[in-house]
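Taken together, the values in this text are just the output of simple stated rules run on the coordinates, not laboratory data. Computed from a predicted model, the values in this text were never measured in an experiment. Here Cβ is always computed from backbone atoms with ideal geometry, including for glycine, and neighbour counts include all displayed protein chains.
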Amino acid sequence: MKRLIICILVSALFLGSCSVTRFVGHYVSSGEGNEGELSGNIYRSEETAYSIGMLPGGWQRVKVKGGDLVFQNTGLNATITVNSDCDGKKVNYNLPVLSESLLIGINDKELESREEAIIDGQSALYSIYTGKFDNVPIKIATLVFKKGSCLYDFSYASSPDSFDTGYREFKAFTSQFRVL
């Protein structure tokens, strides 16, 4: 998947931060042809348009080249990413495989839990993993689902000790997602 390409520019943004926020640089896509814009809570690109949920105070959007959207909460030492991929080739993969593919580069990863959900009328999969990024413990939640010829994936990454607070916010955020 194109979002697995390491984005060196984004990594450089977060060199002074902990590994959790540097994880964004590892995760975001290469941005091949999917440069979109966010207006209010509506994201539009050449390939897709969708409405995102609201995040509580403390979350700030971080503009990155590549990937759709990234939000950071320095108080929680956490990030949330939102990405779409509408090339149509990957919709044949199952949701567990798509979830696992988002974690390339995470060492000592272990699946902690999986939960099926419905997002925008489609079957979706939440997965929670623990592992290490840059030898620092990290806990990551992913959400993946397919709609039409597009894949949508989300991640929430945090230090294990602050994971639960941000995870509740992540679940509320993703539950409001709608493809337009």
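Order 64-77, 90-103 from most to least packed using the mean count of other Cβ atoms within 10 Å.
In decreasing order of mean packing, 64-77, 90-103 become 64-77, 90-103.
Using unit Cβ charges (K, R positive; D, E negative) and no other charged atoms, how large, in debye to the nearest 20, is the dipole of the stretch 103-149 about its Cα centre?
The dipole magnitude comes to about 140 debye.
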